[in-house]
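A.B. asks: This structure is in C-alpha cells; I'll ask about it shortly.
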Amino acid sequence: MSDNPLFSLVICEGVHDVRAVCRILDFKGFREAEVFSDIPGPLRNAIPRQYPVQGNDAKLTWLVTHPSFLFRNGYWVLVSNAGGESKLGTHLSGILPAFRKEYADAALRGIAILADADTKDAAKRKPELLCQLRDAFRDSENFEADPSEPERLKLYGNIKPLAMYIFPDNQGPGTLETVLLAGAGREYPELLSKADEYVAYAETCPYAKDLSKNCNREKATVGVIANALRPGRANQTSIQDNKWFTKESLAQLPLHRSLSDFIDLIISWENP
C-alpha cells in the first residue's frame, strides 16, 4: 500500500449510517481494514490516541470511536460517526487537523456528509448543515465553509469538494430506516408485515410514548426485524450481515439506487 494514499472523508450522523455506507462500499469492491497495521501511517492520525477524548470531564460511559477505514486499489474512504446530527460540524472540524497540511493538500479528495431529513426535506436540511459547518469552522484559520457555496470547503486555502446526502433519497422527509425498510420489503416481506403489526400494537400501549415521535416508528420496525435476524445483536451488525442491501437492490430499488449513486460520486473523487 502507498505510504501517502489518496483518501476521502465521510461524516455520518450515526453508527447505523456508517454501517450502511460501509456495506455499500463492500458491494463496490472496497475492503475494510481490520487491524491497525493495515492502515497507512498518515491515516492512523484519525484514530484517537488518548482517553478520555473529550477531556477530563467526559463520562466514562462514552465510547472512544474511530473511523472505519475502507480501501480499493490504493484509494481510502474513511467513514466516521459524528454521534448525532448536532455534532456533524464539530466532528469534522475535530478530525481534519489530524492530517498534516501537505498531506491533506495532496491526498484528500473530498468530504461527504450524510444525515437524516427526519420530518423536513433535503432542501431545508442542507442549508442548516452548511450553517453548522460554518459555525464549527468559525474560529479556525485553516478551514472555512461558506453556506453560499454548498459544494466546496476551503482547507488550508485550497478548495475541496463537499457533497451532502440527506436520507432517505436526498429529497423528501425520512431517515436511513426508510431506506432499510425498502430493502426489508424486498428480502423479508413476511417479517416486515409482522413487524409492522407488532409496532402498531406497541404504539397503542401508554408506556410506548416515543413511538409517535418523529420517525421512531420506522426505527422500531427496523429493530424488530434486526432482532429476529440477529437475536441479541445491534442493528448495525444486522446492516452489515443481513440483506437490507443487496447488489440487486442497489440497482433496482429507487431509494437504494439513489444512495448507491451518491457513494459512486465519492468513489469518483479518486480520479477527478
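A.B. asks: What number, rounded to the nearest 500 deg cm²/dmol, is the helix-based mean residue ellipticity at 222 nm of the chain, given -39500 (n - 2.57) per DSSP H run of at least four residues and division by all its residues? Walk me through the numbers before you get to the answer.
C.D. replies: Numbers: 11 runs with 115 residues, N = 272.
Result for the chain: -12500 deg cm²/dmol, rounded to the nearest 500.
A.B. asks: A follow-up question, please. With the crude spin-label approximation of a point 7 Å out along Cα→Cβ, what separation in nm comes out for Ser140 versus Asn227?
C.D. replies: About 4.0 nm, to one decimal.
A.B. asks: With an 8 Å Cα cut-off and a minimum separation of 6 or more residues, compute the relative contact order for the chain in percent. Don't jump to the answer; show the numbers that get you there.
C.D. replies: On the way: 425 pairs, mean separation 57.3, N = 272.
Here the relative contact order equals 21 percent.
A.B. asks: Continuing with the same structure: What ³J(HN,Hα) values, in whole Hz, does the Karplus curve 6.51 cos²θ - 1.76 cosθ + 1.60 give for segment 102-118 when θ = phi - 60°, with x put for Gly and Pro?
C.D. replies: Those phi angles translate into 4, 6, 4, 4, 8, 10, 6, 8, x, 10, 10, 10, 10, 8, 7, 6, 6 Hz.
A.B. asks: Residue by residue through segment 208-215, which ³J(HN,Hα) values in whole Hz follow from phi under the Karplus form 6.51 cos²θ - 1.76 cosθ + 1.60 (θ = phi - 60°), with glycine and proline marked x?
C.D. replies: In residue order, the calculated couplings are 9, 5, 6, 4, 8, 8, 6, 10 Hz.
A.B. asks: As an exercise, identify the trypsin sites (Lys or Arg not before Pro) in segment 57-160 lying in DSSP coil whose Cβ has no more than 16 other Cβ atoms within 10 Å.
C.D. replies: Details: sites: Lys59, Arg72, Lys87, Arg100, Lys101, Arg109, Lys120, Lys124, Arg125, Arg134, Arg138, Arg152, Lys154; in loops: Lys59, Arg100, Lys120, Arg138.
Qualifying residues, ordered by number: Lys59, Arg100, Lys120, Arg138.
A.B. asks: Run the simple label-point estimate for Arg152 and Lys28 please: 7 Å along Cα→C-beta, distance reported in nm.
C.D. replies: In this crude label model, Arg152 to Lys28 measures out at 2.3 nm.
A.B. asks: Once the piece of chain linking Glu203 and Asn271 is laid out straight, how much longer is it, given 0.36 nm per residue of separation minus the C-alpha distance between them? Intermediate results must be reported in sequence, preceding the final value.
C.D. replies: On the way: separation 68, 0.36 × 68 = 24.48 nm, distance 4.92 nm.
Using 0.36 nm per residue and subtracting the Cα-Cα distance, I get 19.6 nm.
A.B. asks: So for segment 91-219: antiparallel DSSP bridges make up what percent, rounded to the nearest 5?
C.D. replies: On the way: 8 of 14 bridges.
Bridges in segment 91-219 that DSSP calls antiparallel: roughly 55 percent.
A.B. asks: Can you work out the PRE-style zone for Asn214? Point 7 Å along Cα to Cβ, and I want the residues of segment 234-272 with backbone N under 12 Å.
C.D. replies: none
A.B. asks: What residues have an amide H closer than 5 Å to that of Ala112, excluding those fewer than 5 places away on the same chain, when H is modeled at 1.01 Å from N in the peptide plane?
C.D. replies: Leu9, Val10, Ile11, Ala163
A.B. asks: Are there trypsin sites (Lys or Arg not before Pro) in segment 191-262 that DSSP puts in a loop and that have at most 16 other Cβ atoms within 10 Å, and which ones?
C.D. replies: Details: sites: Lys194, Lys209, Lys213, Arg217, Lys219, Arg233, Lys243, Lys247, Arg257; in loops: Lys213, Arg233, Lys243.
The qualifying sites are Lys213, Arg233, Lys243.
A.B. asks: If you put +1 on each Lys and Arg Cβ and -1 on each Asp and Glu Cβ, how big is the dipole of the chain around its Cα centre, in Debye rounded to 20?
C.D. replies: Numbers: 32 positive and 36 negative charges, 60 e Å.
In total the dipole reaches around 280 debye.
A.B. asks: Taking GluC sites (Glu not before Pro) that fall in a DSSP loop and have at most 12 other Cβ atoms within 10 Å as cut points, what is the longest piece of the chain between them? Kindly include the intermediate steps, with their values, before the conclusion.
C.D. replies: Values: sites that count: Glu34, Glu141, Glu151.
Longest gap between qualifying sites, sites excluded: 152-272.
A.B. asks: Something else now. Give, rounded to the nearest 20 debye, the magnitude of the charge dipole that segment 39-183 has about its Cα centre when Lys and Arg contribute +1 at Cβ and Asp and Glu contribute -1 at Cβ.
C.D. replies: Details: 17 positive and 17 negative charges, 95 e Å.
The dipole of segment 39-183 has a size of about 460 debye.
A.B. asks: What chymotrypsin sites (Phe, Trp or Tyr not before Pro) does segment 167-272 have in DSSP loop regions with at most 13 other beta carbons within 10 Å? Please list the in-between numbers first.
C.D. replies: Numbers: sites: Tyr198, Tyr201, Tyr207, Trp244, Phe245, Phe262, Trp269; in loops: Tyr207, Trp244, Phe245, Trp269.
Within segment 167-272, the qualifying chymotrypsin sites (Phe, Trp or Tyr not before Pro) (loop, at most 13 other Cβ atoms within 10 Å) are Tyr207.
A.B. asks: Accessible area per residue, 1.4 Å probe, Å², for segment 116-272: what's the number? Don't skip to the end; give the middle numbers.
C.D. replies: Values: 8130 Å² over 157 residues.
Accessible area per residue: 52 Å².
A.B. asks: Among the listed pairs Lys126/Lys213; Lys101/Lys247; Lys124/Lys209; Lys124/Lys213; Lys154/Lys247, which have their C-alpha atoms separated by more than 31 angstrom in this model?
C.D. replies: Details: Lys126/Lys213 22 Å; Lys101/Lys247 38 Å; Lys124/Lys209 27 Å; Lys124/Lys213 20 Å; Lys154/Lys247 36 Å.
Beyond 31 Å: Lys101/Lys247; Lys154/Lys247.
A.B. asks: If you restrict to DSSP beta bridges whose two residues both lie in the chain, what percentage is antiparallel, to the nearest 5? Can you show the working numbers first?
C.D. replies: Numbers: 15 of 33 bridges.
About 45 percent, rounded to the nearest 5.
A.B. asks: Find the relative contact order for segment 220-272 and round it to a whole percent, using C-alpha pairs within less than 8 Å whose residues are 6+ positions apart. The partial results should precede the final answer.
C.D. replies: On the way: 21 pairs, mean separation 8.6, N = 53.
Computed value for segment 220-272: 16 percent relative contact order.
A.B. asks: Continuing with the same structure: If I compute solvent accessible area with a 1.4 Å probe over the protein chains, what percent of it on segment 89-179 is carbon and sulfur? It would help to have the intermediate numbers written out before the result.
C.D. replies: On the way: 1780 of 3960 Å².
Solvent-exposed carbon and sulfur of segment 89-179 make up 45 percent of the total.
A.B. asks: Next question. May I ask for the distance between the Cα centers of segment 150-193 and segment 196-257, given as a whole number of Å?
C.D. replies: Rounded to whole Å, the Cα centres lie 16 Å apart.
The values are calculated or read from the model by the stated rules, or taken from the named source; none is laboratory data. Computed from a predicted structure; not experimentally measured. Don't worry about glycine lacking a Cβ; one is built from the backbone with ideal geometry, like all the others, and counts go over all protein chains shown. Note: accessible area is taken over every heavy atom of the protein model, side chains too, but ligands, DNA and RNA are not part of it. Shrake-Rupley method; radii C 1.70, N 1.55, O 1.52, S 1.80 Å.
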